[in-house]
Protein chains: 2
Amino acid sequence: SVNPDLASERQTASFSVEKLTALLDGGTEQTQIRRAVVEVIESDPVFSRENQYFQTQNERYEAAVRKAVHLQRKMHEMGWTENGPEYKYIYRALSGDVAFLLHRVFMRSISVLGSDKQIAKWIPLASQHKLIGSYAQTELGHGTYLQGLETTAVFDSATQEFILNTPKISAMKWWPGDMGRSATHTVVFAQLYIHGKCYGIHPFIVQIRSLQDHSLCPGITAGDIGPKMNFEHIDNGYLLLKNVRIPRENMLSKFCEVRPDGTYVRQGSQKINYFTMTTVRISLISDEVLAPLMKACTIAIRYSVVRRQSKLKPGEQEAKILDYQTQQEKLLPQLAAAYAFHFINDYLQELFNRGYREIQRKNFDMLPELHALSSGFKAVITHHCTAGVEICLRACGGHGYSLLSGLPSLYTKILASCIYEGENTILLLQTARFLIKCFMAASAGQPVPPSVAYLAEVQHGRCPAKNKLDFLSPDIYTEAYQHVAVRLTSSTAAKLQDLIQSGVKKHDAWNQCTVQLVQAAKAHCHYIAVKNFAETVEKLETKAGIQKIMKHLCDLFALHGIFSNTGAFLHDGYTSAAQMDMVAASYLDLLAVIRKDAVPLVDAFDFTDKSLNSALGSYDGQVYQRLYEWAQKSPTNQMSPAYERYLKPLLHNTLSKL
Amino acid sequence: SVNPDLASERQTASFSVEKLTALLDGGTEQTQIRRAVVEVIESDPVFSRENQYFQTQNERYEAAVRKAVHLQRKMHEMGWTENGPEYKYIYRALSGDVAFLLHRVFMRSISVLGSDKQIAKWIPLASQHKLIGSYAQTELGHGTYLQGLETTAVFDSATQEFILNTPKISAMKWWPGDMGRSATHTVVFAQLYIHGKCYGIHPFIVQIRSLQDHSLCPGITAGDIGPKMNFEHIDNGYLLLKNVRIPRENMLSKFCEVRPDGTYVRQGSQKINYFTMTTVRISLISDEVLAPLMKACTIAIRYSVVRRQSKLKPGEQEAKILDYQTQQEKLLPQLAAAYAFHFINDYLQELFNRGYREIQRKNFDMLPELHALSSGFKAVITHHCTAGVEICLRACGGHGYSLLSGLPSLYTKILASCIYEGENTILLLQTARFLIKCFMAASAGQPVPPSVAYLAEVQHGRCPAKNKLDFLSPDIYTEAYQHVAVRLTSSTAAKLQDLIQSGVKKHDAWNQCTVQLVQAAKAHCHYIAVKNFAETVEKLETKAGIQKIMKHLCDLFALHGIFSNTGAFLHDGYTSAAQMDMVAASYLDLLAVIRKDAVPLVDAFDFTDKSLNSALGSYDGQVYQRLYEWAQKSPTNQMSPAYERYLKPLLHNTLSKL
């Protein structure tokens, strides 16, 4: 039975939840396929996550391997293939709690970087799991800065082999998933040396464990890097290489080859390779970043209409905590951001599909823009969503702090997304470099890519809003965001120029501007996100109340950004203090409006109880019963040796005399 | 041997590290005592935290109990007493990793709330550990709002007993520390009923487990609430009471008594009791909040001078990451905040000692101000320090994400401080209520407490700064902070008045202002923190370079607050855009100045390697070696059954046919 405090929230929905779900899925057919996949996965006990919060790192790893192996069977049984429509829903249905994800990266890197011959040899072996692959790039001493990697691969023409070494401790491979305990093979990135000359980073296939008994191969030292904030199910590993010899044919050679005599040959274009990096950054957004924020919103908002605390009005019943303005101000902007980022994700996917088609036609013009957008949005979305999950956690008070709420795990996992696939600050600076370059070009009257064309437009000096309702006009707020993005880019470009003209060296000048460059890159992405949300709302069908509620969320997303960062808008007087008070008024009004639909808006995300795995967030809102039931199953409710060893002697005064 | 990249940082310190340590400790004698305590604790293997990151919740609990019991012996052996000068350093030296902390709260509550007779009976039993106490206040359904607690204690005059019940699942006691597995007794807070009339919340001593065999007493259901984000060593518990009878003498009766005939008598003043609540909030700041931030700064800053990544200047060696402006901008403001909050903690301690002396003289005038300051600063400091630890964690990239860095545990533990001892938003609203009240009084010409006297002062309309160096003047920035605090308080007071005058009910009007009231309360605390830091610097001896570096940190703390929240200062034109550019320039200049002394500034916190328990933060900076050594000890480097069960059959193709 549904908690009546939660049930009542659903009766007054201003829109059709089912239709909004279909919109998010991209059509009712997609919704059906997704639900069918979820049903199959969740009804299979092997995939259960029920005891997850009680398990050790070892138990989590074992379960993830079991799931990965079982998944192969399941896919065969269900007729699901890697190219089928179900495939993209499987990982989400498993909440990513499965092993061998790097095995797929191993295969992809061979497909992209390997010669036809290499593909023909390795891909069938990998597909049939005759080996387990990994991908060994990051080292103890180097992450995002790939050029600094220290592992070496020296060509020995006498034996037609490469000799691989990690010459210093900092060169040790560190972090590769599936490598700590599972993998038999891995793709090692190393500095290629031929006849004493370094040719830079290249990829090599290296066997690290015996296919017979899984023992480490000669010259290999490998193991697990130990406890992490999350990802207990993954065996992130370390790898030391000592004079490990591999045949010449094991260097992945689609783009570069070492001939038997040691001649180094570069062939074809590596540009498509950079494109792969940018698509990975976009592809992680949906499952790794948006889903966790949507789950956190679902949990925190359902809990906030079930939890009653203190009295709003003397003499009345205690109020639902979501009726407090401060609670609305914590949660509803996160909900709006989840929708905003869902739509920007659609936009980016579409843009990248277009880019891919162009690249296949050997047109690489879009690459710099795509790189800048993927870097910037990866950083901005992971940052916002991580902060959003943390806000949801804190907004649930003590119960949010229990692992049983599901929120701590969502937080500790999403946090990693700010670091992996390019550290956020470094990515933002790459976006900023592109912005500065385009701004200079635009100022000189040269053409620039579409997403930055606004940098060349004439800017209005003043926001035209006259009352608080004007701030519910997308034109008004989108223009304000645009103005800020232009101002931050142009003022930082000017500072950079000034420094260089005053004699500061170029790289020093750049470093002295980086704090402001990061701000400019963020403002650029924020502007595009707001603009895209407004354009998306415009295009929605007006039926079923969906456009109306999406418009409210779009307004909230935009005004929250202004309200939380007023200085950027006030700085040059584009927005006046009086206008900022209007923004605050409209923003706070919107909270009360969206609050009414808060539960239907999270219901539309359509997470099952099993996928939330949360005592606070279930569909029926029976929070306290579930917390109590789950707690009783905790291993901490088994007898502890501490009683016989320490408590009993203490209480019975039989400890050796104090 | 010390990593040369770290060693070189220490050679150029602009001040005496040892003298700064003594300043932080409150004198060289204190430093000596502290170091002696740390030496004793850390040289005893029972207190080791070496394997902490590898342990399960059950193992952590057992270790904490062992340490607590051993600590009794140790204190006896060393001649340390609860009133001795060593006492306050013990908990810090243990990093809080010890059981029976609630036993002390149990004792304190009896001392404060119990009659002389009750004290005489229970305190000796507790002191000699003939029982283990806990403190059962929070319920599944109620936390900070104590009036809403649902546990009942009904007086039965026939038997001269109270009958205790948790009538609904939401009334179940939930969270009390030491209660899940250890405690034999607890202080239960329950609604007192006499002859059907409710007298509100009162404290009752209840035995929950047998002193003989530790089995649960009749009518008692109790256990552990399971996994949490941290505090694995503490057995936070649940407690159900079903018709549990306790003698009339077990109601703590210093302030309220139930006579044998059921007459309810209130005696004495409860005000001192409220004072206890406020002192607890202050007392937790040092050990639970400041120490973790200081540790996180130590770890992240030492790591940032050892980690080299990418090149600042083409052709040169890779740069220390602390040389990047963006890294400085992440870490150095956290370092400045750690000092700022250390000094505000001194200020609050002194104020509370004065308050205590006044209260002992039956003068309760200071209570409202002390309550407002303790609430506001508890919220502001826990919030800032939690955010600061998270920034330090992220600033260490992937290695910060490993538990071995120490940073995840610091973060997950300090996060709880935002919730316990009063949820932060609720506390800020209590401070805001006091501010509004004082502002109204001051506006009407009535006297107000010293810390809010500034609300009555005439405000300047414009910041007088003329160049960026002016913003290194404490008068300039302190006044700016004051201006913002007054503006936010007065504008919110005006909004509140307007709403009420327009016919909105008082409680609704209050709710509609709460987002802004929270901002006002934060601004008030931030102003006091800046002012106090500036005044502290003023008073420092000018020798040994300490005043100079503290002045830099004070400037950085103040300017970082303006730079990160420019809107508040720009809003009414108090600060102009041109002045804001000066703030940015001075702020960014300061980063480069303080960067030079960053390592000496964290060295002065004087944490031993054992207390940091971090592979990244050790004094010698041998980061990579330590990560590798520690990882090898992880239980995830033992053989997993996953190989025989799943990997081998998969690789040998002996899984039942796919």
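The values are calculated or read from the model by the stated rules, or taken from the named source; none is laboratory data. This one's a predicted model, so the numbers in the text were calculated from it and none came from an experiment. In this analysis, Cβ positions are derived from the backbone assuming ideal geometry, glycine residues included, and neighbour counts consider all displayed protein chains. These area figures cover heavy atoms from the full protein model, side chains too; ligands, DNA and RNA do not enter into them. Shrake-Rupley method; radii C 1.70, N 1.55, O 1.52, S 1.80 Å.
In region B:336-378, the qualifying residues are those that are among the hydroxyl-bearing types (Ser, Thr, Tyr) and surrounded by 18 or more Cβ atoms within 10 Å (Cβ to Cβ), and the one that is farthest from B:Ala521 (Cα to Cα) is B:Tyr339.
Every residue, every condition in (1) touching a helix residue (DSSP H, G or I) at 6+ places or on another chain (Cβ under 6 Å); (2) not in a loop (DSSP other than H, G, I, E, B), yes or no:
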position: A:Ser14; (1), (2): yes, no
position: A:Arg34; (1), (2): yes, yes
position: A:Glu59; (1), (2): no, yes
position: A:Ala64; (1), (2): no, yes
position: A:Lys74; (1), (2): no, yes
position: A:Glu77; (1), (2): no, yes
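Residue by residue through region B:315-330, note down the ones that are more than 7 Å from chain A (Cβ to nearest Cβ), free of Cβ contacts under 8 Å to residues at least 24 places away in the same chain and of a type outside the set (Val, Ile, Thr). Within region B:315-330, B:Gly315, B:Glu316, B:Gln317, B:Ala319 qualify. Scanning region A:616-636 for residues that are closer than 19 Å to B:Gly180 by Cα and more than 7 Å from chain B (Cβ to nearest Cβ), we see that the one that is least open to solvent (accessible area, probe 1.4 Å) is A:Arg626.
Checked against (1) open to solvent by 40 Å² or more (accessible area, probe 1.4 Å); (2) more than 14 Å from chain A (Cβ to nearest Cβ), B:Gly79 meets all criteria but (2).
Within the set B:Leu284, B:Leu293, the sole residue that is away from chain A (no Cβ under 14 Å) and surrounded by 24 or more Cβ atoms within 10 Å (Cβ to Cβ) turns out to be B:Leu293.
Of all residues in region A:44-57, exactly one satisfies the criterion of being among the polar types (S, T, N, Q), assigned to a helix (DSSP H, G or I) and more than 20 Å from B:Gln638 (Cβ to Cβ), namely A:Gln52. Would you tally the residues in region B:66-75 being within 7 Å of chain A (Cβ to nearest Cβ), modelled with pLDDT of 95 or more and open to solvent by 20 Å² or more (accessible area, probe 1.4 Å)? Looking only at that region, the number is 1.
Each row is one residue, and each column tells you yes or no for (1) of a type in the set (Phe, Trp, Tyr); (2) part of a helix (DSSP H, G or I); (3) away from chain B (no Cβ under 13 Å).
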position: A:Lys495; (1), (2), (3): no, yes, no
position: A:Trp510; (1), (2), (3): yes, yes, no
position: A:Ala544; (1), (2), (3): no, yes, yes
position: A:Cys554; (1), (2), (3): no, yes, yes
position: A:Phe557; (1), (2), (3): yes, yes, yes
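Determine whether A:His103 is surrounded by fewer than 19 Cβ atoms within 10 Å (Cβ to Cβ) and within 14 Å of chain B (Cβ to nearest Cβ).
Details: surrounded by fewer than 19 Cβ atoms within 10 Å (Cβ to Cβ): no; within 14 Å of chain B (Cβ to nearest Cβ): yes.
No.
Being over 25 Å from A:Leu647 (Cα atoms) and not small (Gly, Ala, Ser), is that true of even one residue in region B:41-62?
The first filter runs over region B:41-62 and keeps only residues over 25 Å from A:Leu647 (Cα atoms), leaving none.
No, there is no match, as no residue in region B:41-62 is over 25 Å from A:Leu647 (Cα atoms) and not small (Gly, Ala, Ser).
Checked against the criteria, A:Val452 does not count as at pLDDT below 95 and among the aliphatic types (A, V, I, L, M). Within region A:535-590, the set of residues being touching a Gly at 6+ places or on another chain (Cβ under 8 Å) and open to solvent by less than 20 Å² (accessible area, probe 1.4 Å) comprises A:Gly567, A:Ala568, A:Phe569, A:Leu570, A:Tyr574, A:Met580.
Just to be sure, is B:Gly143 assigned to a loop (DSSP other than H, G, I, E, B), open to solvent by 10 Å² or more (accessible area, probe 1.4 Å) and within 12 Å of chain A (Cβ to nearest Cβ)? It is true that B:Gly143 is assigned to a loop (DSSP other than H, G, I, E, B), open to solvent by 10 Å² or more (accessible area, probe 1.4 Å) and within 12 Å of chain A (Cβ to nearest Cβ).
If you check A:Ile132 against the conditions, is it within 14 Å of chain B (Cβ to nearest Cβ) and in contact with a helix residue (DSSP H, G or I) (Cβ under 7 Å, 6 or more places away or on another chain)? Lay out the reasoning, then the answer.
Working: within 14 Å of chain B (Cβ to nearest Cβ): yes; in contact with a helix residue (DSSP H, G or I) (Cβ under 7 Å, 6 or more places away or on another chain): yes.
It is true that A:Ile132 is within 14 Å of chain B (Cβ to nearest Cβ) and in contact with a helix residue (DSSP H, G or I) (Cβ under 7 Å, 6 or more places away or on another chain).
Does B:Arg10 count as open to solvent by 40 Å² or more (accessible area, probe 1.4 Å), part of a helix (DSSP H, G or I) and over 28 Å from B:Lys548 (Cα atoms)? Taking the combined requirement at face value, the residue does not satisfy it.
Taking the conditions exactly as written (open to solvent by less than 20 Å² (accessible area, probe 1.4 Å) and either modelled with pLDDT of 95 or more or farther than 22 Å from A:Phe275 by Cβ (or both)), does A:Ala63 satisfy them or not? Judged against the criteria, A:Ala63 is not a match.
May I ask you to list the residues in region A:220-255 that are open to solvent by 50 Å² or more (accessible area, probe 1.4 Å) and hydroxyl-bearing (Ser, Thr, Tyr)? First the steps, then the outcome.
First pass over region A:220-255, keeping only residues open to solvent by 50 Å² or more (accessible area, probe 1.4 Å): A:221, A:232, A:242-243, A:245, A:247, A:249, A:254.
Listed by number, the list holds a single entry, A:Thr221.
Condition check: in a helix (DSSP H, G or I) and not charged (D, E, K, R). Does B:Ile132 satisfy that?
Numbers: in a helix (DSSP H, G or I): no; not charged (D, E, K, R): yes.
Against the criterion (in a helix (DSSP H, G or I) and not charged (D, E, K, R)), B:Ile132 does not qualify.
Take the conditions part of a helix (DSSP H, G or I) and within 14 Å of another protein chain (Cβ to nearest Cβ) and apply them to B:Lys88. Does it pass?
Details: part of a helix (DSSP H, G or I): yes; within 14 Å of another protein chain (Cβ to nearest Cβ): no.
The answer is no for B:Lys88.
In region B:459-476, is there at least one residue being crowded, with 16+ Cβ neighbours inside 10 Å and either basic (Lys, Arg) or in contact with a Gly (Cβ under 6 Å, 6 or more places away or on another chain) (or both)? Show your work before the answer.
Kept after step one, since they are crowded, with 16+ Cβ neighbours inside 10 Å, are these residues of region B:459-476: B:463, B:465, B:468, B:470-472, B:474, B:476.
From the residues that got through so far, the ones that are either basic (Lys, Arg) or in contact with a Gly (Cβ under 6 Å, 6 or more places away or on another chain) (or both) too are B:468.
Yes; the residues of region B:459-476 include at least one that is crowded, with 16+ Cβ neighbours inside 10 Å and either basic (Lys, Arg) or in contact with a Gly (Cβ under 6 Å, 6 or more places away or on another chain) (or both).
Only one of the numbered conditions (1) open to solvent by 70 Å² or more (accessible area, probe 1.4 Å); (2) within 14 Å of another protein chain (Cβ to nearest Cβ); (3) within 20 Å of B:Pro368 (Cβ to Cβ) is violated by B:Pro450, and that is (2). Only one of A:Leu627, A:Leu601 is at pLDDT 95 or above and more than 18 Å from A:Asp323 (Cα to Cα). Can you tell me which? Within the list A:Leu627, A:Leu601, the selection yields A:Leu627. Checking the structure you have, find out if any residue of region A:37-54 is of a type outside the set (Asp, Glu), closer than 30 Å to A:Phe204 by Cβ, open to solvent by 40 Å² or more (accessible area, probe 1.4 Å) and not assigned by the TED database to the domain that holds A:Val593. Scanning region A:37-54, I find no residue that is of a type outside the set (Asp, Glu), closer than 30 Å to A:Phe204 by Cβ, open to solvent by 40 Å² or more (accessible area, probe 1.4 Å) and not assigned by the TED database to the domain that holds A:Val593, so the answer is no.
For A:Val258, state whether it is open to solvent by less than 40 Å² (accessible area, probe 1.4 Å), under 30 Å from A:Ala158 (Cβ atoms) and away from every other protein chain (no Cβ under 14 Å). Spell out the reasoning first.
Numbers: open to solvent by less than 40 Å² (accessible area, probe 1.4 Å): yes; under 30 Å from A:Ala158 (Cβ atoms): yes; away from every other protein chain (no Cβ under 14 Å): yes.
When the stated conditions are applied, A:Val258 passes them.
Beta carbons closer than 6 Å, at least 6 apart along the sequence or on distinct chains, pair a first residue in region B:254-269 that is over 21 Å from B:Lys121 (Cα atoms) with a second that is open to solvent by 50 Å² or more (accessible area, probe 1.4 Å) and assigned to a loop (DSSP other than H, G, I, E, B) for B:Gly262/B:Ser157; B:Gly262/B:His195.
In the list B:Ser210, B:Ser215, B:Ser170, which residue meets the criterion of being within 14 Å of chain A (Cβ to nearest Cβ) and touching a Cys at 6+ places or on another chain (Cβ under 8 Å)?
Working: B:Ser215 fails: touching a Cys at 6+ places or on another chain (Cβ under 8 Å); B:Ser170 fails: touching a Cys at 6+ places or on another chain (Cβ under 8 Å).
Criteria check complete, one pass: B:Ser210.
Taking the numbered list (1) within 14 Å of another protein chain (Cβ to nearest Cβ); (2) part of a helix (DSSP H, G or I); (3) among the charged types (D, E, K, R) in turn, B:Lys311 passes all entries but (2).
On the given criteria, is A:Ser109 open to solvent by less than 30 Å² (accessible area, probe 1.4 Å), assigned by the TED database to the domain that holds A:Thr186 and either free of Cβ contacts under 8 Å to residues at least 40 places away in the same chain or among the small types (Gly, Ala, Ser) (or both)?
Details: open to solvent by less than 30 Å² (accessible area, probe 1.4 Å): yes; assigned by the TED database to the domain that holds A:Thr186: yes; either free of Cβ contacts under 8 Å to residues at least 40 places away in the same chain or among the small types (Gly, Ala, Ser) (or both): yes.
Spelling it out, A:Ser109 is indeed open to solvent by less than 30 Å² (accessible area, probe 1.4 Å), assigned by the TED database to the domain that holds A:Thr186 and either free of Cβ contacts under 8 Å to residues at least 40 places away in the same chain or among the small types (Gly, Ala, Ser) (or both).
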